[in-house]
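To start, the structure under review is shown below, and the notes come after it.
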Amino acid sequence: MKKVLLLCGIILLLTACTSGVINEEKDIQGGSISLEEKDDLNNKEDDMLITIKTNKGDIELRLYEKEAPIAVDNFLKLIKEDFYNNIKFHRVIGDFMIQTGDPQTRGEAGVDFVYDPYNNPNSLPIAGTGGPGYKFEDEFNNGYTFDKPGVLAMANSGPNTNGSQIFITHVATPWLNNKHTIFGQVISGIDVVNAIEQADVINEIIVK
């Protein structure tokens, strides 16, 4: 009799343990999040967040430190130097993107710089032609593409000509894949991105 009771106890214990494992697997695999998605969320938690504070409001972005380390390191270096403070959005194309990062756009248009290179009688600096004084290489094939609005990427004038100029997309722009380094994504403030116009200003960028 004792042996029978002992055997029943062991069976009940094994059944409970197995049920717990099955339920745990269902919570992960059969619920709203897969194992792959869980890993992706954990990875995103490690990414750095920054806030671009503009005269139109705040844009919060996640930076892809692991996937685009050169672009992110350069961006953070320039932020630390207050490089982007008071720089204007010099190029804005509706349903496409907003571009900034030219230090020559501080000050007043027509006095300190011009937007139109064909209307520049005083040979002032032309918005969109300035940078940090150096260039660095592209970082493609990092798993990210221009498949959604709010993509943060490096502007350039050709292969491996990245500097300080950046842009954020309004819409998916797949024709830019493998032409511009993607190094971040808007996670809050896409309405601000869509409201930005030429001559709007970056007040400062805060690293969280």
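The values are calculated or read from the model by the stated rules, or taken from the named source; none is laboratory data. Note that the structure is predicted; figures quoted are calculated from it, not measured. Note: ideal-geometry Cβ built from the backbone for every residue, glycine included; neighbour counts use all protein chains shown.
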- prompt: Hey, among 88, 135, which residue is within 26 Å of residue 188 (Cα to Cα) and basic (Lys, Arg)?
  reply: 88
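This table checks each residue for (1) at pLDDT below 95; (2) more than 19 Å from residue 169 (Cβ to Cβ).
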residue	(1), (2)
21	yes, yes
36	yes, yes
52	no, no
81	no, yes
94	no, no
task: Check off (1) surrounded by 21 or more Cβ atoms within 10 Å (Cβ to Cβ); (2) assigned to a helix (DSSP H, G or I) for residue 194 and give me the number that stays unchecked.
output: (1)
- prompt: Quick one: in the stretch 127-155, which of the residues that are surrounded by fewer than 17 Cβ atoms within 10 Å (Cβ to Cβ) and touching a Lys or Arg at 6+ places or on another chain (Cβ under 9 Å) is nearest to residue 49 (Cα to Cα)?
  reply: 142
Residues that are in contact with a helix residue (DSSP H, G or I) (Cβ under 7 Å, 6 or more places away or on another chain) and touching a residue at least 60 places away in the same chain (Cβ under 8 Å), drawn from the stretch 59-90: 59, 62, 63, 64, 83, 84, 87, 88, 90
query: Quick one: is residue 161 buried (at least 20 other Cβ atoms within 10 Å of the Cβ), polar (S, T, N, Q) and out of contact with any helix residue (DSSP H, G or I) (no Cβ under 9 Å at 6 or more places or on another chain)?
result: no
query: What single numbered condition from (1) within 14 Å of the chain's Cα centre (by Cα); (2) crowded, with 17+ Cβ neighbours inside 10 Å; (3) touching a residue at least 60 places away in the same chain (Cβ under 8 Å) fails to hold for residue 102?
result: (1)
statement: Quick count over the stretch 171-203, residues being closer than 12 Å to residue 149 by Cα and free of Cβ contacts under 8 Å to residues at least 40 places away in the same chain, is 3
task: Kindly list the number of the only condition in (1) within 19 Å of residue 203 (Cβ to Cβ); (2) surrounded by 12 or more Cβ atoms within 10 Å (Cβ to Cβ); (3) free of Cβ contacts under 8 Å to residues at least 24 places away in the same chain that fails for residue 108.
output: (2)
- request: With the condition kept exactly as written, say whether any residue in the stretch 132-149 is within 21 Å of the chain's Cα centre (by Cα) and closer than 17 Å to residue 86 by Cβ.
  value: yes
